[in-house]
1. Confirm whether Arg154 is assigned by TED's automatic domain parsing to the domain that holds Glu66, assigned to a strand (DSSP E or B), among the basic types (Lys, Arg) and more than 14 Å from the chain's Cα centre (by Cα).
2. When you look at Gly99, is it closer than 16 Å to Trp69 by Cβ and among the small types (Gly, Ala, Ser), yes or no?
3. If we keep just the residues of the stretch 162-173 that are out of contact with any Phe, Trp or Tyr (no Cβ under 8 Å at 6 or more places or on another chain) and in contact (Cβ under 8 Å) with a residue 12 or more places away in the chain, which is surrounded by the most Cβ atoms within 10 Å (Cβ to Cβ)?
4. Being surrounded by fewer than 16 Cβ atoms within 10 Å (Cβ to Cβ), touching a strand residue (DSSP E or B) at 6+ places or on another chain (Cβ under 7 Å) and among the small types (Gly, Ala, Ser) narrows it down to one residue among Ser96, Ser102; which is it?
5. Any idea which residue in the stretch 127-161 is surrounded by the most Cβ atoms within 10 Å (Cβ to Cβ), counting only those that are over 21 Å from Gly99 (Cβ atoms) and of a type in the set (Lys, Arg)?
6. Which one of Leu158, Leu177, Leu105 is out of contact with any Pro (no Cβ under 9 Å at 6 or more places or on another chain) and under 12 Å from Ile67 (Cβ atoms)?
7. Filter the stretch 67-103 for residues that are acidic (Asp, Glu) and over 14 Å from His134 (Cα atoms); which is farthest from the chain's Cα centre (by Cα)?
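The values are calculated or read from the model by the stated rules, or taken from the named source; none is laboratory data. As the structure is a prediction and not an experimental result, all values here were calculated from the model. FYI the Cβ positions are ideal-geometry reconstructions off the backbone, even for glycines, and counts take in every protein chain you see.
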Amino acid sequence: MDSERFAGLVRSFDQARSRRQTLRGLAGVAAGASALALSVGTQAQEASPAASPEAEASAVSPMGTEIAWLPEWVVKPGAWESARALLEEMVTSARSEPGTLSYALYVSEGAEDEDGETITFYERYADEAAVLAHQTTFAERFAERAQEAMTCTRITVLGSPGEEVRKTISGCGPIYLQPFGGYLVR
């Protein structure tokens with residue numbers, strides 16, 4: 001993305017009227033900043049936690065050792081406020097987990113006004129060890145409260161997790177997608 005297009009995104013952000021438009025504007029500015037940074041040679045790897053030495057020594061596929069997934073949860077009736085507080089806590093926790101490359105939440109439109117809305121996570125990990133560490137933290141600190149406030153309806157898994165990781169998500173209707181082609185930037 002060239003700097004003129006990025007400047008246009010920033011100007012359009014200033015014209016946002018609603019909270020939702022403001023959030024969308026921020027997302028656009030963030031995407032523009034990322035694209036601009038990459039176009040001038042900044043490597044995303046500098047900001048990403050490193051994979052474990054074992055993972056770097058033995059890539060599982062042409063896509064590397066990364067595992068990503070998209071769990072979908074539905075908020076139970078009357079539980080939106082407790083779900084919101086829990087999700088904020090989970091994001092803070094994931095930020096400090098070694099090997100967690102991305103951890104972003106997306107909510108269906110109207111989620112801030114109603115229960116029963118879908119929350120989709122986009123989680124990306126350097127390797128299986130990072131996934132297992134995250135799952136351990138989730139089980140110890142968040143699982144009980146998450147299940148009280150939300151129901152996991154499915155999880156789409158991108159990558160080649162081992163049996164131990166598969167066991168941790170078996171109750172959420174997993175769909176496994178294996179690497180086919182392409183590349184990853186870190």
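1. yes
2. When the stated conditions are applied, Gly99 passes them.
3. Out of the qualifying residues, it is Val165.
4. Going through Ser96, Ser102 in turn, the sole match is Ser102.
5. If we take residues in the stretch 127-161 being over 21 Å from Gly99 (Cβ atoms) and of a type in the set (Lys, Arg), then Arg145 is surrounded by the most Cβ atoms within 10 Å (Cβ to Cβ).
6. Of the residues listed, the single one that is out of contact with any Pro (no Cβ under 9 Å at 6 or more places or on another chain) and under 12 Å from Ile67 (Cβ atoms) is Leu177.
7. Glu81
Per-residue answers, yes or no, for (1) assigned to a helix (DSSP H, G or I); (2) of a type in the set (D, E, K, R):
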residue	(1), (2)
Glu88	yes, yes
Glu109	no, yes
Ala133	yes, no
Tyr183	no, no
